[in-house]
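The values are calculated or read from the model by the stated rules, or taken from the named source; none is laboratory data. What you are looking at is a predicted structure, and each value in this text was computed from that prediction instead of being measured. Here the Cβ positions follow ideal geometry from the backbone for every residue, glycine too, while neighbour counts run over all protein chains shown. When the accessible area is computed, the model is the full protein with side chains, heavy atoms only, and any ligands, DNA or RNA have been set aside. Shrake-Rupley method; radii C 1.70, N 1.55, O 1.52, S 1.80 Å.
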Number of protein chains: 2
Amino acid sequence: MRIDGLQFANWSTTVFGQMREGGLDAVHVTVAYHGGFRETVLGLEAWNRRFADPSNRIVKGLTADDVDRARRSGCTAIVLGLQNPSPIEDDLGLVEILHTLGIRFMQLTYNNQSLLAGGCQEVMDGGITRMGRQVIREMNRVGMVVDMSHSGERSTLEAVDLSTRPIAITHANPDSWAPARRNKSDDVIRAVIGGGGMLGFSLYPHHLRGGSACTLGEFCEMIARTAEVHGTRHLGIGSDLCQDQPDSVVRWMRNGRWCRETDGADSTAKPRFPAMPTWFRDNRDFRTIETGLRDIGLSGEEVAGIMGENWYRFFQQSFSPVPS
Amino acid sequence: MRIDGLQFANWSTTVFGQMREGGLDAVHVTVAYHGGFRETVLGLEAWNRRFADPSNRIVKGLTADDVDRARRSGCTAIVLGLQNPSPIEDDLGLVEILHTLGIRFMQLTYNNQSLLAGGCQEVMDGGITRMGRQVIREMNRVGMVVDMSHSGERSTLEAVDLSTRPIAITHANPDSWAPARRNKSDDVIRAVIGGGGMLGFSLYPHHLRGGSACTLGEFCEMIARTAEVHGTRHLGIGSDLCQDQPDSVVRWMRNGRWCRETDGADSTAKPRFPAMPTWFRDNRDFRTIETGLRDIGLSGEEVAGIMGENWYRFFQQSFSPVPS
């Protein structure tokens, strides 16, 4: 089983076909980075059109069972998520509405401070807000995963404490390996995994030691070292693959509509998508990572967990409402 | 089994309790008369809160199976619908989004001309529009019932022809019995039923012969006469019960925000809710109608069909997507 914990490609039948070539049974995709509820629904409508086209060989992934069904029918289950809480606006009731529409992950912030929490690119992180506490409780109730990939350290640690269900960092690496505001401290990784949550290792070059020049061996070595400290059962891949996107998209991701040019924070000084490592072009290369993890000395069972079974188990426990 | 084809009460635990007293297994309720998509979602959020309160003893009715489940657990299944297509705005994709959120009926017009069709209170009815044809096709695809209760005659006849699945007039009576722009001609009733669709008899006094003074015998006689011409298997009740609503609500229903006072059409000259007939106060009195139908000479099987089984069968065939 192979599952990717995050992608935002310029979606096409070609990209979906490469998911099949790469043996992906499920991919968590981002529906919204910016914008309010109505715009997010436009994004969901676009996904409905993609699901309706049988040549895409994708199905809507609402539960872990959908991953099994996709697998049996030679399709990829697409799990929908949000990298920003802007789609719920200031309205708690939209959490359940978006869950009903299929959203299974939501980040409490996207780099900047939000109504809910502190962002990883802000100078200060004041922790989880009053509304943030309500939203975490509601996400726990309906079965939507709290994703802290783009949040600040304090907010992430508080989210682990406040959430009654395991949370996720869908796409980031240890900052002890590659220092970056988007990578995570050992404290954060320990807390998230200690709470039963997941860490998805990112292949986005700004999160890699050496950037685009990072080798497969170095990447797999980093995973093996993380596994030594934290075990393997809560580790997965979250490639952050942004395939076939023009550079205007990375500027839009960072600036949204809240900033006209750049405010100079962190990687805003690098206004292009970086080249992917040569050994991970796109969805076709997941088997290369699998081989790399075996070559570094991880067991077959450990590799199977990291490549998909750990995400699958997490999906099983995370996507359904708490029984009332 | 008892099913009501339309209500818009001032919802409360009291009203839901009366549904249980009256033995209602399912009720189709109106979520929106006016307003766009976002406001309709606010209405759906309010229903989520009502469903979450166990003292209401209601469940969301998405399929006929939910009616069975509700029945077994001593609850009422609430089937959600729209009396206006304004919630889909000018966006075909919102039909599937609203179906996913639970909407199972949508009127193509509410009295006035819409983007889709001609309304029953307009001087002219130009029939189903270009967008209307697309929306009917999409409603057929996803499993949302075309409801023509408040539409013009020409649009209704065209909708029967265009729709590949049976349509409904959820709440109206024959205009040969009680002349009113909201009641329906024999041609319309014949066409709707001929296409496998349903007619729900209304208890709203403006749709009754003699208004609030209409007797139980006269109402049941009207049903029996309709059954003689059209058979009983496509007849049901659509009470149009607007319980506990202040008169401001009937003015809002008619005028929405498109009209400040009244434009003088039809019943806009009667700016209050009429008194209900003494024999049908509210949900507790469905058994009175059942008795009345037996007393008029209909068989037990015919009465069971009209009181709920016909709607149930219609739900079974209408609420799921066409297999692809």
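Only residues that are of a type in the set (A, V, I, L, M) and in contact with a Ser or Thr (Cβ under 6 Å, 6 or more places away or on another chain): list them for region B:275-305, please.
B:Ala275
Applying the selection to region B:170-187, what residues are free of Cβ contacts under 8 Å to residues at least 40 places away in the same chain and touching an Asp or Glu at 6+ places or on another chain (Cβ under 7 Å)?
B:Ser176, B:Asn183, B:Lys184, B:Ser185
B:Leu203: open to solvent by less than 10 Å² (accessible area, probe 1.4 Å), touching a Phe, Trp or Tyr at 6+ places or on another chain (Cβ under 7 Å), not β-branched (Val, Ile, Thr) and not in a helix (DSSP H, G or I), yes or no?
Taking the combined requirement at face value, the residue satisfies it.
To keep it simple, each residue is scored yes or no on (1) farther than 25 Å from B:Cys120 by Cα; (2) surrounded by fewer than 21 Cβ atoms within 10 Å (Cβ to Cβ).
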| site | (1), (2) |
| --- | --- |
| B:Asp263 | no, yes |
| B:Pro277 | no, no |
| B:Thr291 | yes, yes |
| B:Ser299 | yes, yes |
| B:Asn310 | yes, no |
| B:Val322 | yes, yes |
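Where in region A:36-133 are there strands (runs of 3 or more DSSP E), lying fully within it, with 3 or more residues that are closer than 17 Å to B:Ile97 by Cα?
A:76-82
Across region A:86-100, what is the number of residues that are closer than 20 Å to A:Ala168 by Cβ and within 14 Å of chain B (Cβ to nearest Cβ)?
6
So if I check each of A:Arg190, A:Arg209, which one is at pLDDT 95 or above, over 22 Å from A:Gly292 (Cα atoms) and open to solvent by 70 Å² or more (accessible area, probe 1.4 Å)?
Exactly one residue qualifies, and that residue is A:Arg190.
If only one of B:Ser151, B:Ser163 is under 20 Å from B:His28 (Cβ atoms), open to solvent by 10 Å² or more (accessible area, probe 1.4 Å) and of a type outside the set (Asp, Glu), which one is it?
Selected residue: B:Ser163, the only one of B:Ser151, B:Ser163 that is under 20 Å from B:His28 (Cβ atoms), open to solvent by 10 Å² or more (accessible area, probe 1.4 Å) and of a type outside the set (Asp, Glu).
Could you please find all residues in region B:257-287 being over 21 Å from B:Leu203 (Cβ atoms) and at pLDDT 75 or above?
The answer is B:Arg257, B:Trp258, B:Cys259, B:Arg260, B:Glu261, B:Thr262, B:Asp263.
Are there helices (runs of 4 or more DSSP H) fully within region A:275-324 with at least 3 residues that are within 14 Å of chain B (Cβ to nearest Cβ)? List them.
Here the list is empty.
Among the listed residues A:Met124, A:Met106, which satisfies the condition of being buried (at least 20 other Cβ atoms within 10 Å of the Cβ) and more than 14 Å from every other protein chain (Cβ to nearest Cβ)?
One residue alone meets the criteria, A:Met106.
For region A:2-48, what are the residues that are hydrophobic (A, V, I, L, M, F, W, C), open to solvent by 20 Å² or more (accessible area, probe 1.4 Å) and in contact with a helix residue (DSSP H, G or I) (Cβ under 7 Å, 6 or more places away or on another chain)?
Hits for region A:2-48 are A:Trp11, A:Val31.
From the list A:Thr40, A:Thr63, A:Thr14, pick out the single residue that is within 29 Å of A:Asp90 (Cα to Cα) and more than 14 Å from every other protein chain (Cβ to nearest Cβ).
A:Thr63
Let's see how each residue does on (1) under 16 Å from the mean Cα position of the chain (by Cα); (2) in a helix (DSSP H, G or I):
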{"position": "A:Asn140", "(1), (2)": "no, yes"}
{"position": "A:Ser149", "(1), (2)": "yes, no"}
{"position": "A:Thr156", "(1), (2)": "yes, yes"}
{"position": "A:Val160", "(1), (2)": "no, yes"}
{"position": "A:Arg165", "(1), (2)": "no, no"}
{"position": "A:His171", "(1), (2)": "yes, no"}
{"position": "A:Ala180", "(1), (2)": "no, no"}
{"position": "A:Val192", "(1), (2)": "yes, yes"}
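Within the set of pairs 6+ apart or on separate chains, which have a first residue in region A:112-126 that is under 11 Å from A:Glu153 (Cα atoms), a second that is open to solvent by less than 20 Å² (accessible area, probe 1.4 Å) and among the β-branched types (Val, Ile, Thr), and C-beta atoms under 6 Å apart?
Here the result reads A:Ala117/A:Thr109; A:Ala117/A:Ile128; A:Gly119/A:Thr109, each pair linking region A:112-126 to a residue that is open to solvent by less than 20 Å² (accessible area, probe 1.4 Å) and among the β-branched types (Val, Ile, Thr).
Please find, among A:Ile88, A:Ile78, A:Ile97, the residue that is farther than 30 Å from A:Arg130 by Cα and either in contact with a helix residue (DSSP H, G or I) (Cβ under 9 Å, 6 or more places away or on another chain) or surrounded by 21 or more Cβ atoms within 10 Å (Cβ to Cβ) (or both).
A:Ile78
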